[in-house]
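The values are calculated or read from the model by the stated rules, or taken from the named source; none is laboratory data. Everything quoted here is computed from the prediction, not taken from an experiment. All Cβ positions, glycine included, derive from the backbone under ideal geometry; neighbour counts span all protein chains shown. In case anyone asks, the SASA skips ligands and DNA or RNA and just uses the protein heavy atoms, side chains included. Shrake-Rupley method; radii C 1.70, N 1.55, O 1.52, S 1.80 Å.
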Amino acid sequence: MFIVWGKKLVYRKLGHVADFCPICRKPRPFVLRRLGSAGHVYYITVSQGELVGYERTCARCGTAFNAEPTHYAAVASQPASLPELARQTFPNLEQAWKERLDLERQLREDPRALHADDRKALIRSPFLLLSPKVEKRFASTHFDKEVGISALVALGLMIAGPALVHKLSPDSSDLAVLVFMALGVLLVIVQMVLAGGRFMRREVVPVLAQCLRPLQPTPGELQTVMAELKTLRHKMACKLKLPELVAHLSGEEAAAAVRR
């Protein structure tokens, strides 16, 4: 008998806190979670596991960041408005993030007035913040809804296709089984290959664009960051299609300029 066992991450919700979100570029409500590494049998765990760390997930953009519960005055058990949550959990939020909030105010007033080093750091930051999400996604095989649908279609082809051929041409039944099986497998493989691109377009590019839009980065500035990511061997450097990001930021015309 084959037994599936090993270690898996276990997430336990601790509550709600207020904090600054560097992707939204402003204070936001967050969900605070404990991360544990627990043993599992057939992916079923019975404990919260050994402590690995904590993370806070922005309630608006859905981005997760490392967290430290001791930084908060308290952890709210229920969601609340941002002012109320800040009062309960992080009463000195404005003071703690004053330098960054001042920078964001300056950015809103005039993006081009930023110091070159500050501008470079702000453009680079969301790429580095989202890079772990990309690394995690491409570290193992994942199935999205399109892969699931293609698997169902493939199953239908492998059942209905040979049956139809058998009615029309009984002598070709054996060959039909092989052909439709190959078509079904090919369909699933193609969708699995395309799943990574769908993930980037749905969960990474829109979030990057949201964060970068106030900075109005040029294609050259984005290419500089991508070159740095490639040097650091981040998967984002090869998985992210820069024209798609530029298209989200400034339209298809600018994206075409990057392609050229």
Checking Arg56 against (1) at pLDDT 75 or above; (2) open to solvent by 80 Å² or more (accessible area, probe 1.4 Å): exactly one of these is not met. Which one?
(2)
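Scan the stretch 249-256 and give yes if some residue there is open to solvent by less than 60 Å² (accessible area, probe 1.4 Å) and of a type in the set (Ser, Thr, Tyr), otherwise no.
First pass over the stretch 249-256, keeping only residues open to solvent by less than 60 Å² (accessible area, probe 1.4 Å): 249, 251, 254-256.
Now narrow it down to the ones that are of a type in the set (Ser, Thr, Tyr): none.
No: zero hits.
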Do any residues in the stretch 165-182 that are small (Gly, Ala, Ser) have Cβ atoms under 9 Å from those of residues that are open to solvent by less than 40 Å² (accessible area, probe 1.4 Å) and part of a helix (DSSP H, G or I), where the two are at least six apart or on different chains, and which pairs are they?
Ser169/Ala176; Ser172/Val165; Ser173/Pro162; Ser173/Val165; Ala176/Gly161; Ala176/Pro162; Ala176/Val165
With respect to the numbered conditions (1) out of contact with any Asp or Glu (no Cβ under 9 Å at 6 or more places or on another chain); (2) small (Gly, Ala, Ser); (3) open to solvent by less than 50 Å² (accessible area, probe 1.4 Å), which one is the sole condition not fulfilled by Ala195?
(1)
Hey, among the residues in the stretch 141-168 that are of a type in the set (A, V, I, L, M, F, W, C) and under 23 Å from the mean Cα position of the chain (by Cα), which one's least open to solvent (accessible area, probe 1.4 Å)?
Val147
Odd one out for Ala121 among (1) under 25 Å from the mean Cα position of the chain (by Cα); (2) open to solvent by less than 40 Å² (accessible area, probe 1.4 Å); (3) not basic (Lys, Arg)
(2)
Against the condition under 24 Å from Arg60 (Cβ atoms), out of contact with any Ser or Thr (no Cβ under 8 Å at 6 or more places or on another chain) and open to solvent by 60 Å² or more (accessible area, probe 1.4 Å), how does Arg233 come out, does it pass?
no
